Amino acid sequence: MQPVPTGESVSLRQSTGRLRNELASGQSVLRQAYEAKGDALRLLRGRCQLVDDVLRALWQEARLPLGLSLVAVGGYGRRELFPASDVDLLFLLPDNVARETERQLEELIGLLWDIGLDIGHSVRTVWQCVDEAARDITVQTNLLEARLICGSRSLFADFAGKIRAQLDPKAFFKGKRLEQDERYVRHQETPYALEPNCKESPGGLRDLQVILWISRAAGLGESWNDLARRGYITRGEALQLKGLETFLRHARIRLHYLTGRREDRLLFDHQEAIANRFGIAAGRTRRASELLMQRYYRTAKSVTQLNTILLQNLGAEIFPEPNKVPIVINARFQMDHELLDVRNEDVFEKTPSAILESFLIMQQRAELKGMTARTLRALWRARRLVGPDFRRDPHNRAAFLQLFQQKRGLVHELRRMNQYGVLGRYLPAFRRIVCQMQHDLFHVYTVDQHILMVVRNLRRFTMPEFAHEYPFCSRLIAGFDKHWLLYLAALFHDIAKGRGGDHSKLGMPDARRFCREHGLDEEDTALVVWLVQHHLSMSNVAQKQDLADPAVVRAFADLVGDERRLTALYLLTVADIRGTSPKVWNGWKGKLLEDLYNASLRLLRGASPQQAMGIAERQEEARRLLRYFGLRQGVEDAFWKELDTVYFLRHDAEEIAWHTRTLYHRPAPDQPVVKARLPHIGEEGLQVMVYAPDQPHLFARLCGFFSRLGYSIVEAKIHTTRHGYALDSFMLLDPDGALAYRDMISLIEHDLAARLAAPAEAEGAARGRISRQVRNFPITPEVRIRSTEKAGQCLLSIIAADRPGLLFTVASTLDEHNINVHTAKIATLGERVEDTFLISGAELAKTATLLRLETELLERLQV
């Protein structure tokens, strides 16, 4: 039987409608006031007060026993209630509670949801709270901010006293630092993500809250003003922290209002609208969203900087170390507890050259683990001393160049210099790209962070501990003199981004000026400037042109000119691609670049074009592999006679041997053969070989089949043998990482062979959702068809936004015009594809049909 409602219960339910209206009306008034005056703190406090009033009214109506307490905890406890935030509540009970009281509480909690409050609640006794806080630092942190709303003051005082008595500031500090480290890892340890979380990402609101939690737990203060009064920060830093906090609060409030839910991520979908709410207008060359994100990143950068300084200061207070006499390094610096410390806080004002010297010392003394808080603060204040006179000083120029010539620590110190504003002051061109977003659908870092990532990759090529990850690069850089020239080229390769032109050319004068001002000789200067100009050339040739064409390789070798430039460009190219995004690099791209490097090297060393392409060597190595697998000499002859020279140019010896071995053992000569395998160790994806009688729509059918399985085709080599068989090879990748490659081999081999045995029309590709990046930063498709030196063949180049079934769309369109595909190079750069096809067909010779083909492709590639 259902319990019979009491008079109090009926009265309580009758109150919910009135309170629901009061809550909704109050929140509407608060929003209107915020949108009119833009006072973030007033909104947060106002929403807390509104909810407090509603809860007190409901508590009074509930007529609960006098010994209970209703307590606000978490963000609600500290009076920061964002528009869509949960209302965190603790129902605090005495040790013995009657069953009737439990029933009343259950009804009350249900009514809180009924009136429109999203609550996160717990029902605990004092000792249960103490026990949970001892086991879980997140619970302990929530309870640290507890605030009595209504109910028993004595019970709340008992609770607050026990929680405070149990609190160990040292353990709390360690726990919150560990929690912050784990949170940083979850967010890729960078404030500069494309779609940052303004609450949880490094540099977000949580970084500020951690400081105040620790200071409150240690009894050192509960506000920025408290910390300034106690000398942990300056008055100016307290004002700065308030400003940073206000900006982040505005961002989170506006996200909640825009989305109507608890959304703390600055997703692409929202960035333009949030920029408008901040009153940010588009510039001449940059969107409003890009300007917003630059402001956000600069805010996050300052937050992480102050977080580092304050946590170091608070840690020194909470963990006082025995007084040790600092070890004097020179007249300006000393080592204090393994940290670099200024001997006087005005050292940089008196000796500005000590600014760069501090970073050099960090590189030269491995025993130093970092800089003291006062050194970091002094560096931040002294950054304004780095001006024209400082940059012209020969001593400072020599010191800056020495940073790049040290054996260790370059990346750490460049990042520290960037963090504290020194790098941008020394290089004004670099300052312009600090925190500049790149909406090109494949860079996932700001321009300055990408540049530092490229320098990091180059440095890793020199380190034995990373040789297993970059074996070829490690071998090449070991024989390259003056590694530091590559680091300088990396520093300048994207420095002209955002200027509205070709950044490769616009960056050349900056690089040349730097090299001459810093005393580099003409040869080294020419190399650095040339690398900046051509840093995209090798990737463009490798990924977009036919490396089986000797003319392509010859043209690239002529561009490079000598081995030193070739090696330097290869190393910079690999570092650059790997520094754009963790998802852009793959083994297939690495192989293309390595093949181009080796072919060009042979040409530069005097080989003929045929020798440079290495056909004879490939065939000989393929024969050796066939003998290794037990096939007798000569078994390959009949099959190889059906293949043209282009086949041997486009496949390496291992692939040739795999194809030959597979087809030699095929069970039925007239049946399609499909074989799939994992690539070499350390490479991702699947290699698939298809051998079948040539038939209409074959390429489109294959593209549709792989698309329906969820794979992206990153390379396709299409051949027709002399006796009319298609011999096609594909390199497949799973962009979502959801498919186990090994488990899919049998399915692909069986299902695809069965489909090819029964001629049919091409089936459509799988439908999928277009990514947020593509929706918000669309790419205007580009289609270009140009003739090649070989009669009857053309190169089709396509640039478009990536989406499911894109390659099938291209293949089926070509099919409709009876165009044959000979090879396809698929370059996927994040959400952007740059595909190149070698094609032939009668319609390519007719201007009218050629224009119609281009038009149809453009229409179908439009997102």
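A few comments on the model shown:
- Residue that is farthest from Val447 (Cα to Cα), among those in the range 480-515 that are open to solvent by 30 Å² or more (accessible area, probe 1.4 Å) and touching a residue at least 40 places away in the same chain (Cβ under 8 Å): Lys482
- Residue within the range 401-409 that is in contact (Cβ under 8 Å) with a residue 24 or more places away in the chain, within 28 Å of Arg459 (Cα to Cα) and open to solvent by less than 10 Å² (accessible area, probe 1.4 Å) present: yes
Every residue, every condition in (1) open to solvent by less than 40 Å² (accessible area, probe 1.4 Å); (2) touching a residue at least 24 places away in the same chain (Cβ under 8 Å); (3) in contact with a Cys (Cβ under 7 Å, 6 or more places away or on another chain), yes or no:
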{"position": "Thr809", "(1), (2), (3)": "yes, yes, no"}
{"position": "Thr813", "(1), (2), (3)": "yes, yes, no"}
{"position": "Asn818", "(1), (2), (3)": "no, yes, no"}
{"position": "His822", "(1), (2), (3)": "no, yes, no"}
{"position": "Lys825", "(1), (2), (3)": "yes, yes, no"}
{"position": "Glu834", "(1), (2), (3)": "yes, yes, no"}
{"position": "Ile839", "(1), (2), (3)": "yes, yes, yes"}
{"position": "Leu861", "(1), (2), (3)": "yes, yes, no"}
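- Inside the range 465-479, residues that are in a helix (DSSP H, G or I), touching a Ser or Thr at 6+ places or on another chain (Cβ under 9 Å) and either hydroxyl-bearing (Ser, Thr, Tyr) or open to solvent by 60 Å² or more (accessible area, probe 1.4 Å) (or both) make up a count of 2.
- Selection within the range 96-145 - touching a Lys or Arg at 6+ places or on another chain (Cβ under 7 Å) and among the small types (Gly, Ala, Ser): Gly116
- Filtered residue count, the range 207-238, keeping only those that are out of contact with any Leu (no Cβ under 8 Å at 6 or more places or on another chain) and open to solvent by 40 Å² or more (accessible area, probe 1.4 Å): 7
- Filter result for Leu306 (under 30 Å from Thr446 (Cβ atoms), assigned to a helix (DSSP H, G or I) and either in contact with a Phe, Trp or Tyr (Cβ under 8 Å, 6 or more places away or on another chain) or open to solvent by less than 10 Å² (accessible area, probe 1.4 Å) (or both)): yes
- Close pairs from the range 617-637: first under 17 Å from Arg650 (Cα atoms), partner in a helix (DSSP H, G or I) and of a type in the set (A, V, I, L, M), Cβ under 7 Å, at least 6 apart: Arg618/Ala653; Arg618/Ile656; Glu621/Ala653; Ala622/Ala653; Ala622/Ile656; Ala622/Ala657
- Residues of the range 269-292 that are of a type in the set (S, T, N, Q) and touching a Ser or Thr at 6+ places or on another chain (Cβ under 7 Å): Gln271 alone.
- The listed residue being at pLDDT below 95 and within 30 Å of the chain's Cα centre (by Cα), out of Arg252, Arg286: Arg286
- Considering residues of the range 690-712 that are over 34 Å from the mean Cα position of the chain (by Cα) and aliphatic (A, V, I, L, M) only, the residue surrounded by the fewest Cβ atoms within 10 Å (Cβ to Cβ): Ala692
- Here the condition is being among the aromatic types (Phe, Trp, Tyr) and within 23 Å of Glu831 (Cβ to Cβ); of Phe706, Phe699, it holds for Phe706 alone.
- Restricted to the range 1-116, the set of helices (runs of 4 or more DSSP H) holding at least 1 residues that are of a type in the set (A, V, I, L, M) and modelled with pLDDT of 95 or more comprises 7-37, 40-62.
- Pick from the range 158-173, criterion within 25 Å of Pro94 (Cα to Cα) and hydrophobic (A, V, I, L, M, F, W, C), ranking: most open to solvent (accessible area, probe 1.4 Å): Ala165
- Yes/no for Gly421 being under 22 Å from Leu458 (Cα atoms) and buried (at least 16 other Cβ atoms within 10 Å of the Cβ): no
- Unique match (being of a type outside the set (Phe, Trp, Tyr) and exposed (fewer than 14 other Cβ atoms within 10 Å of the Cβ)) among Ala653, Ala616, Ala657, Ala612: Ala616
- Residue within the range 144-154 that is more than 23 Å from Gly219 (Cβ to Cβ) and either outside any strand (DSSP E or B) or acidic (Asp, Glu) (or both) present: yes
- Tallying residues that are over 22 Å from Phe159 (Cα atoms), in contact with a strand residue (DSSP E or B) (Cβ under 9 Å, 6 or more places away or on another chain) and surrounded by fewer than 20 Cβ atoms within 10 Å (Cβ to Cβ) within the range 70-105 yields 1.
- In the range 664-672, the count of residues that are at pLDDT 85 or above and of a type in the set (Asp, Glu) is zero.
- Residue list for the range 365-400, filter: in contact with a helix residue (DSSP H, G or I) (Cβ under 8 Å, 6 or more places away or on another chain) and assigned to a loop (DSSP other than H, G, I, E, B): Leu368, Thr372, Val386, Gly387
- The one condition in (1) of a type in the set (Gly, Ala, Ser); (2) more than 23 Å from Pro320 (Cβ to Cβ); (3) surrounded by fewer than 21 Cβ atoms within 10 Å (Cβ to Cβ); (4) in contact (Cβ under 8 Å) with a residue 40 or more places away in the chain that Gly203 fails to fulfil: (3)
The values are calculated or read from the model by the stated rules, or taken from the named source; none is laboratory data. If you're wondering where the values come from, they're calculated on a predicted model, not measured in any experiment. Positions of Cβ are backbone-derived with ideal geometry, glycine not excepted, and every protein chain shown enters the neighbour counts. Remember, those area values only see protein heavy atoms, side chains included, never the ligands or the DNA or RNA. Shrake-Rupley method; radii C 1.70, N 1.55, O 1.52, S 1.80 Å.
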